Amino acid sequence: MLGYRFSEYIPQEAEDGKKAKFDQLLDIFNQLVTMTAGNVSEALSWLTSLDKQYNLTDESYGIADFIEDLKAKGYIKEEKNEEGEQEQILTSKGEQSIRKQSLDEIFGKLKKTGSNGNHRTPYQGTGDENNTDRREFQFGDAMDQIAMTESIRNAQINNGVESFMLTENDLEIVDKEYKAQTSTVLMIDISHSMILYGEDRITPAKKVAMAMAELIMTKYPKDTLDVIVFGNDAWQIQVRDLPYLEVGPYHTNTVAGLELAMDLLRRRKNKNKQIFMITDGKPTCLKEGIRYYKNSFGLDKKILNKTLTLAAQCRRLKIPVTTFMIARDQYLKEFVQEFTKINNGRAYYSSLKGLGEFIFEDYEKNRKKGVR
């Protein structure tokens with residue numbers, strides 16, 4: 001007689017132990033690479049120091065073994081720099097590993113939503129994906145929408161098995177839903193204040209951006225995400241550039257960031273568009289021709305008015321701006337409140353710890369609004 005035989009599972013300790021040790025060190029290495037703006041050598045130096053202090057490795061598996069595994073598994077590679085010297089750099093797999101870890105760290109513990117990565121809308125009928133609802137047949141419904149099993153069952157109930165016939169009244173239709181796409185621009189403040197006052201604010205911002213990018217690319221591939229940074233000026237960066245992002249000796253040109261974000265969204269054909277802005281300070285800079293107009297003291301009316309004008313312009317274009325304010329100064333809150341009111345957007349005054357959760361929840365909320 002065939003059956004199943006159960007016995008105690010005994011894992012392969014040697015191989016599993018090395019794999020567990022590599023995974024543990026990889027998690028720490030990814031954190032360090034993010035903090036060192038993609039500098040592999042510096043991250044490995046820090047990892048070696050941490051190993052001396054906390055005994056991360058043992059006699060069976062050391063830091064040299066870990067480095068060799070990083071190369072063998074394709075996370076890092078050696079290339080010659082401009083000076084002709086060999087240096088270790090991240091590969092595309094290494095960059096993706098950092099994004100995946102950021103995704104798990106920031107969004108992994110949040111509740112899963114009931115959607116499958118597309119944007120539900122209230123419009124039914126012909127569309128992109130089957131619905132769970134059934135309804136009666138109506139003139140104009142396509143043949144591929146007929147739920148054959150349910151329709152045949154109705155025919156048997158209504159007409160009997162012996163005199164079986166399928167009529168229009170027996171037909172059940174599977175509704176389809178339109179799935180909307182969303183285009184998002186994530187603005188990251190890289191002004192000098194993001195590392196002032198003894199607090200590293202740029203690393204959490206980078207992690208959120210990497211997690212957002214990985215989330216959209218894997219779960220919502222029809223959506224688009226553009227990432228821009230703004231200091232004295234604003235420019236677009238690629239997802240692969242995020243681990244290497246650093247703060248510069250910049251002021252905060254929010255106007256340039258908003259102008260670039262609006263320009264990028266104009267090129268997108270989606271009806272659903274939004275801007276997420278991560279910042280810790282007030283607008284302090286404008287560019288007039290080739291000259292920079294700067295004022296770091298308080299809120300300059302000239303800079304403020306231009307920023308609020310763009311908030312109103314985004315509203316007319318139906319582009320909500322969600323501001324994630326890391327700072328908690330009262331006068332900055334008042335500015336954000338005014339900006340949000342004019343734009344009809346949203347604002348969150350978040351700690352660094354809760355930043356990712358706020359952005360995830362707001363992104364999911366916007367996804368469910370659908371096409372207007």
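The values are calculated or read from the model by the stated rules, or taken from the named source; none is laboratory data. Small disclaimer: the values here were computed from a predicted structure and weren't measured. Reconstructed Cβ throughout: ideal geometry from the backbone, glycine too, with neighbour counts over all protein chains shown. In case anyone asks, the SASA skips ligands and DNA or RNA and just uses the protein heavy atoms, side chains included. Shrake-Rupley method; radii C 1.70, N 1.55, O 1.52, S 1.80 Å.
Among residues of the range 239-279 being among the aromatic types (F, W, Y) and surrounded by fewer than 23 Cβ atoms within 10 Å (Cβ to Cβ), the one that is farthest from the chain's Cα centre (by Cα) is Y250.
Scanning the range 76-96 for residues that are of a type outside the set (V, I, T) and in a strand (DSSP E or B) returns K77, E78, E79, K80, Q86, E87, Q88, L90. Among the criteria (1) in contact with a strand residue (DSSP E or B) (Cβ under 9 Å, 6 or more places away or on another chain); (2) at pLDDT 90 or above; (3) among the basic types (K, R), the one K52 does not fulfil is (1). For the residues K282, K287, the requirement of being within 27 Å of E334 (Cα to Cα), of a type in the set (K, R) and surrounded by 18 or more Cβ atoms within 10 Å (Cβ to Cβ) singles out K282. Only residues that are more than 14 Å from M194 (Cβ to Cβ) and open to solvent by less than 80 Å² (accessible area, probe 1.4 Å) were counted in the range 217-235, giving 10.
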